[in-house]
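Here it is, the structure, as structure tokens.
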Amino acid sequence: MNKKAFFLALITVIIWGSTFAAIRASLHGGYEPGHLVLVRFLVASLSIFIIYALWPGVKMRLPRKEDALRILILSFIGISVYHFGVTFGEMTVSAGTAGMIIGSSPIFTAIIAVFILKERLGFYGWIGLALGFIGIILVTLGTSGASLSLSGGALLVLLAAFATSVFFVFQKPLFQRYKPIELTAYFTWGGTIPFLLFAPGVFDSIQQATLEANLAAIYTGVFPAAIAYITWSTALSLGDASSVSSLLYLEPAIAILVAWIWLAELPGTLSLLGGVIALSGVMVVHILGKKGPVALKEKAT
């Protein structure tokens, strides 16, 4: 991997890893989860991508008629469902734990690749999947403390992890016809529409929230939801996709570190153990287990 691709990919993963703590900071600072996700994606939709679309000299193509429905469905799954799950899930799940659950999404990607795309998975691949699911179970059980039950928040984040896997598997054919930044803009605009259901009371939330909460909301709209996608797609265009994607293994660790520094928040012992096991499973699937192109997630935070 060349230095520029490595640097851009590393910056992207650091930004994405910080997202979970920023969401928690906004929720703790007075935002309702529905208002937060709406503000975040209005910022992304109306600032970065509108500016790009209207920038002099930029010729942004409209989606083809035959692709419009696919883009809308994927927008709903990859943006609306994903960010609904993460944001509402983090009402009760710590930032580091949410990062570990989302970091396990390549396990779901591998399942989709095997059962839907009919890709083959070797012996080590199945071992990796088993490890991954054991890890995910331990992470989610760890969110409920001594009760050892699946919390509602953990289930919402698990739903988000599954949604992002579906999103990145089924959007791949569209990259043959559109630039990554064009697709990201379409997905962001389409995925923002369902969040308008949370519009009532949003201005009250903004006014009542702390300065830290408002700054964190703006940060998550400008950087993780917009700029990081641009740096990620650029890194992929400059370097080998497999090498660039391997940096995603750092994301859960960054999520835990940022949450510890920013919020003084750490996942429980059981969740940390589960995170290590899940990440080991992901690495086994990706490095040893695939006989076909079982893809790592390329992201939706």
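Do the conditions hold for residue 178, that is, is it over 17 Å from the mean Cα position of the chain (by Cα) and surrounded by fewer than 22 Cβ atoms within 10 Å (Cβ to Cβ)?
Taking the combined requirement at face value, the residue satisfies it.
Next question, about the same structure. Any idea which of 222, 139 is closer than 17 Å to residue 42 by Cα, assigned to a helix (DSSP H, G or I) and of a type in the set (Val, Ile, Thr)?
On inspection, the qualifying residue turns out to be 222.
Pull out all pairs, ordered by first then second residue, where Cβ-Cβ is under 6 Å, the residues are six or more apart or on different chains, the first lies in the stretch 109-123 and is buried (at least 18 other Cβ atoms within 10 Å of the Cβ), and the second is part of a loop (DSSP other than H, G, I, E, B).
Final answer for the pair search is 109/295; 109/297; 110/294; 113/119; 113/294.
For the stretch 9-55, name all the residues that are on the phi > 0 side of the Ramachandran plot and of a type in the set (D, E, K, R).
Correct list: empty.
Do you know which residues across the stretch 15-56 are assigned to a helix (DSSP H, G or I) and charged (D, E, K, R)?
24, 40
Any chance you could count how many residues in the stretch 73-95 are crowded, with 24+ Cβ neighbours inside 10 Å and not in a helix (DSSP H, G or I)?
3
Answer yes or no: is there a residue in the stretch 57-69 that is closer than 30 Å to residue 201 by Cα, among the hydrophobic types (A, V, I, L, M, F, W, C) and part of a helix (DSSP H, G or I).
no
Exactly one condition in (1) modelled with pLDDT of 85 or more; (2) out of contact with any helix residue (DSSP H, G or I) (no Cβ under 6 Å at 6 or more places or on another chain); (3) farther than 30 Å from residue 35 by Cα is false for residue 227; which is it?
In the conditions (1) modelled with pLDDT of 85 or more; (2) out of contact with any helix residue (DSSP H, G or I) (no Cβ under 6 Å at 6 or more places or on another chain); (3) farther than 30 Å from residue 35 by Cα, residue 227 misses (3) alone.
Provide a single number: the residues in the stretch 32-72 that are of a type in the set (Lys, Arg), under 24 Å from the mean Cα position of the chain (by Cα) and surrounded by fewer than 19 Cβ atoms within 10 Å (Cβ to Cβ).
1
Any idea which of 209, 259 is in contact with an Asp or Glu (Cβ under 7 Å, 6 or more places away or on another chain), at pLDDT 85 or above and hydrophobic (A, V, I, L, M, F, W, C)?
Going through 209, 259 in turn, the sole match is 259.
The values are calculated or read from the model by the stated rules, or taken from the named source; none is laboratory data. Computed from a prediction, not measured in an experiment: that's the story for all the values here. Cβ: placed from backbone, ideal geometry, glycine included. Neighbour counts: every protein chain shown.
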